[in-house]
Amino acid sequence: MSCVSVVVTCYNEEEYIGDAMGSVVQQSRYDAISEVIVVDDGSEDESEELIQRWENREDKISCVRQKNQGLAVARNTGIERSSSSFIALLDGDDIWLEKRLEHQLRFLNDHPDVGLLYTDVYSFGEGYTTKRREYCNRYEYDDENVLQRLYVESGPILPSTTLINRECFRTVGRFDPSLRRGQDTDLWLRIASKHPIQHIAKPLVLKRERSD
């Protein structure tokens, strides 16, 4: 059953967006994806043309083009356009490993009311000779005081690893574009105040490090 909408955000990432899109299409549970919404946030390079090629190639992929308004607004645009019960995020310069969704959906089968699922990552890119595993703080579905711990320990939860229950956006809202920094952490805290969250202790995303 298709239950996941993927929201990919892109701003001037012509060098990387192809790898990001390819990692979505190559998911072992691509069958669970109902749609892939790519939000081009006013790119001034060749990103739009590259996204268009993917849109022409894959029926599930559609592109929304808007003037540049920042990452929080771009994510919100994709979320607003999505229709599935769960939304998976991907920044245009990151890469999903093949079983990213498979591991998360396995947990979701037994806990359909979970608000937020997230994973560990590998960091790679400029300044790295090889990829390096990064560990996220571990929060479990049935943990007590998870909001307090998340507030004190401050994540990190990388957006490109997250699978978010649509119900969360109804109860706590979406990303807050008025915040200059930490829009993602702000949303995770609001979700944790109302919904259970779960860490998947596997590195399932490649997080690209860039000098800019």
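The values are calculated or read from the model by the stated rules, or taken from the named source; none is laboratory data. Please read all numbers here as calculations on a predicted model, not as lab measurements. So basically every Cβ, Gly included, is an ideal-geometry build from the backbone, and we count neighbours across all protein chains shown. For accessibility, only protein heavy atoms count, side chains too; no ligands or nucleic acids. Shrake-Rupley method; radii C 1.70, N 1.55, O 1.52, S 1.80 Å.
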- Hits in the stretch 163-199 (condition: among the β-branched types (Val, Ile, Thr) and either open to solvent by 30 Å² or more (accessible area, probe 1.4 Å) or touching a Lys or Arg at 6+ places or on another chain (Cβ under 9 Å) (or both)): Thr171, Val172, Thr185
- From (1) open to solvent by 20 Å² or more (accessible area, probe 1.4 Å); (2) of a type in the set (Gly, Ala, Ser); (3) under 16 Å from the mean Cα position of the chain (by Cα); (4) over 19 Å from Phe175 (Cα atoms), pick out the condition that doesn't hold for Ser2. (3)
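A quick yes/no check of all residues on (1) under 19 Å from Val25 (Cα atoms); (2) free of Cβ contacts under 8 Å to residues at least 24 places away in the same chain; (3) of a type in the set (Ser, Thr, Tyr); (4) part of a helix (DSSP H, G or I):
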| site | (1), (2), (3), (4) |
| --- | --- |
| Val64 | yes, no, no, no |
| Asp93 | yes, no, no, no |
| Glu102 | yes, no, no, yes |
| Tyr118 | no, no, yes, no |
| Glu144 | no, yes, no, no |
- Of all residues in the stretch 182-212, count the ones that are assigned to a strand (DSSP E or B) and of a type in the set (Asp, Glu). 1
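Condition first: under 17 Å from Ser160 (Cα atoms) and open to solvent by 20 Å² or more (accessible area, probe 1.4 Å). Now tell me which residues in the stretch 58-76 satisfy that.
Gly70, Leu71, Val73
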- Is there any pair with a first residue in the stretch 10-24 that is touching a residue at least 60 places away in the same chain (Cβ under 8 Å) and a second that is surrounded by 20 or more Cβ atoms within 10 Å (Cβ to Cβ) and among the basic types (Lys, Arg) whose Cβ atoms are under 7 Å apart and which are 6 or more apart or on different chains, and what are they? Tyr16/Arg208
- What number of residues within the stretch 120-142 satisfy the criterion of being outside any loop (DSSP other than H, G, I, E, B), in contact (Cβ under 8 Å) with a residue 12 or more places away in the chain and of a type outside the set (A, V, I, L, M)? 7
- Options Glu55, Glu44: the member that is at pLDDT 95 or above, in a loop (DSSP other than H, G, I, E, B) and surrounded by fewer than 20 Cβ atoms within 10 Å (Cβ to Cβ): Glu44
- Message: On the basis of being closer than 16 Å to Thr119 by Cβ, of a type in the set (A, V, I, L, M) and open to solvent by less than 20 Å² (accessible area, probe 1.4 Å), does Leu204 make the cut?
- Response: yes
